[in-house]
Amino acid sequence: MQQLQVIQVLRKPAYGLAAGAIALIFGIMLTYFSQFLFFFPYLVFYVPPEESVTLGLDFLTSILSGVVIAASIYGIRNLRKGGNQAKGGVAGIVLALVAGACPCYYLVPLLAVAGGAGGVLSVLGIYLNSYQLPIKALSLALLGAVAVSLERSLRASCDISAGQGTNNHLLRCQPSV
Amino acid sequence: MQIGPSNPVRGSKSAPVTIYEFGDFQCPTCDQWFRNTEPLIVQNMINTNQTKLVWKDFIIYGPDSNLASKAAYAAGEQGKFWQFYDLLYTNQKAIDSGWASAANLEKFAQSLGLNMTQFDQSFNSDKYNALISTNFNQGRQAGVQGTPTFIIVGPTGKSVPVPGAQPYSAFQQAVAAVSSTG
């Protein structure tokens with residue numbers, strides 16, 4: 001069975017570490033905004049029983065964001081070797097950031113209070129708050145689509161070979177036609 | 001932070017620790033706290049006269065939140081603020097979807113067996129507007145940025161803010177911190 005090209009990218013230590021770090025940052029951010037993680041007045045991680053689906057979506061979004069952004073960076077760094085990856089890479093990063101930012105709609109009502117903006121921001125916050133799960137699911141679907149697109153892009157222009165006798169898998173990109 | 005004469009208090013007024021709840025009856029996270037954390041606080045802290053809970057409106061979720069607060073205060077005039085509070089959170093639905101419309105709030109009042117003439121008179125008046133506005137301003141002055149936010153004040157005036165629908169363990173720690181003399 002052929003291995004996924006995105007996984008091959010992540011086997012390179014630098015990209016694997018980058019994916020892990022990005023996933024961790026997104027995980028902390030999303031669980032904070034979902035009010036599972038509290039820093040003040042004490043460090044507390046708490047998931048109410050009815051919120052396990054939300055937590056699952058947050059974790060999946062974080063992991064997929066790490067994978068997509070790391071693989072997209074790989075695509076950009078191989079600009080000279082394969083132009084398609086670079087385009088896909090930039091799009092991947094932008095979309096992953098957008099998808100990661102979607103669940104941060106919790107900020108909107110806070111901004112309305114903090115900034116005294118009231119009106120429009122409050123209404124927007126209320127509207128978005130009513131669609132918490134669909135927004136998170138949409139983010140995840142968006143990331144999934146970007147991951148599939150990246151996989152196709154890498155598959156089209158890269159030749160993967162494993163270093164013999166080592167665990168280092170080398171991913172060599174060839175100029176795309 | 002002080003308890004005004006119009007602020008509803010759950011528990012003994014002589015309890016040494018006060019938990020101020022800045023909330024909005026339409027706020028989903030407040031409802032989450034009401035379902036998961038408040039029962040433990042009532043059972044272990046309020047019923048044992050260790051703490052009391054004081055309601056302060058912090059309305060940010062829309063026009064029906066204002067109606068819900070006014071209705072709760074109107075029920076409070078007949079000694080049933082906290083029953084109404086429980087009823088509101090138990091029946092909370094999507095924001096401004098009609099569950100907290102004036103007609104529905106009257107149904108809630110009826111279900112509690114309130115004197116409806118007295119309830120309507122209070123509910124339809126402007127008498128609670130100043131209180132709601134004062135509570136909001138107090139919250140902002142205390143640094144409240146969203147709902148729910150709790151400010152826990154000990155017998156010496158020492159206070160700890162607890163923002164969000166945090167679990168019971170966070171309240172235990174905060175109550176212990178404001179109760180300590182050190």
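What follows is calculated from the coordinates using simple rules that are stated; it is not laboratory data. For clarity, every value in this text was computed on a predicted model and none was experimentally measured. FYI the Cβ positions are ideal-geometry reconstructions off the backbone, even for glycines, and counts take in every protein chain you see.
If region B:9-179 were replaced by its equivalent ellipsoid, with semi-axes equal to the square roots of 5 times the Cα gyration tensor eigenvalues, what would those be, largest first, whole Å? Walk me through the intermediate numbers first.
Values: eigenvalues 142, 55, 46 Å².
Equivalent-ellipsoid dimensions as semi-axes: 27, 17, 15 Å.
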Completion exercise
Going from the fewest other Cβ atoms within 10 Å to the most, one would list A:34, B:179, A:65 as B:179, A:34, A:65
Completion exercise
The correct pair for region A:2-49, radius of gyration to one decimal and Dmax as a whole number, both in Å and from Cα atoms, is 15.4, 50
Handout entry: Karplus-derived HN-Hα couplings along region A:135-145 (A = 6.51, B = -1.76, C = 1.60, θ = phi - 60°), whole Hz, x at Gly and Pro
Key = 5, 5, 5, 5, 4, 5, 5, 4, 5, x, 5
Handout entry: Lys, Arg +1 and Asp, Glu -1 on Cβ, resulting dipole of region B:9-179 about Cα centre, debye, nearest 20
Key = 440 debye
